[in-house]
Amino acid sequence: MKLKLALAALALSAATAQAQSIVDIAAGDERFTTLVAAVTAAGLAETLAGPGPFTVYAPVNDAFAALPAGTVDNLLKPENKGQLTDILLYHVDDRNLPAAAIPAGSTYFKPLLTSQRLCITKGDAGVTIADGTGEVANVIIADIKADNGVIHVIDKVLLPGQRPACH
């Protein structure tokens, strides 16, 4: 009986230790230090660690570094929290959307920044995401699974603006 209880406790603790939210995964990956800092500054860490489901298009540090000089530092200031939050919510869908669920061709998707749209294109060359600037991000790693959704790693920070062309 004691052995069964010990094994059950061990199995439960192992399952608990393996359960990771999107925030946990990003915080444990050096490629996302700028994203994690931004999510924390915007006050979104608790939300994105919540039950979800979420799909996060997660820009790597190099994507943030490619923004004009001073942009990230400016966005991280407390007085710019609203703008930072809008940009971050533009990277989040309120569904669990693995790559296999993205339809072939080009489709509009509605991120949590509800007044905006993204155009996601899936083709032989992979998945791209057009944002409100008309620029395109490439999904460089798809389907990092979390207990509350999925992360798709992208090579550009998505910025709201005009509705992207989606053919």
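Any read-out appearing in this document is the output of simple, stated calculations on the displayed coordinates, not a laboratory observation. It should be emphasised that the depicted structure is a prediction, and the values quoted were computed from it without experimental measurement. Glycine also receives a Cβ, built like all others from the backbone with ideal geometry; neighbour counts cover every protein chain displayed.
Structure above, values below:
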item	result
Part-to-part distance (alpha-carbon centres) for the range 113-167 and the range 23-91, which is given in Å	15 Å
Theoretical FRET efficiency, 1/(1+(r/R0)^6), r = Cβ-Cβ of Asp86 and Asp143, R0 35 Å, to 0.05	0.85
Cα Rg, Dmax, the range 20-154, angstrom units	14.0, 43
Helical mean residue ellipticity (222 nm; -39500 (n - 2.57) per DSSP H run of 4+; nearest 500) of the chain	-9000 deg cm²/dmol
Where labels lie 7 Å past Cα in the beta-carbon direction, separation of Ala37 and Ser106 in nm	3.5 nm
Choice from Gln116, Gln83, Gln20 with maximal GNM fluctuation in the chain (Cα, 10 Å cutoff)	Gln83
Net charge over other residues, Cβ less than 12 angstrom from the Cβ of Thr114 (K, R count +1; D, E count -1)	-1
Gaussian network model of the chain, springs between alpha carbon atoms under 10 Å - residue of Asp29, Asp73, Asp62 with greatest fluctuation	Asp73
Glu135 versus Glu79: modelled label distance in nm, points set 7 Å from Cα along the beta carbon direction	2.5 nm
Rounded to 5, percent antiparallel among DSSP beta bridges of the chain	75 percent
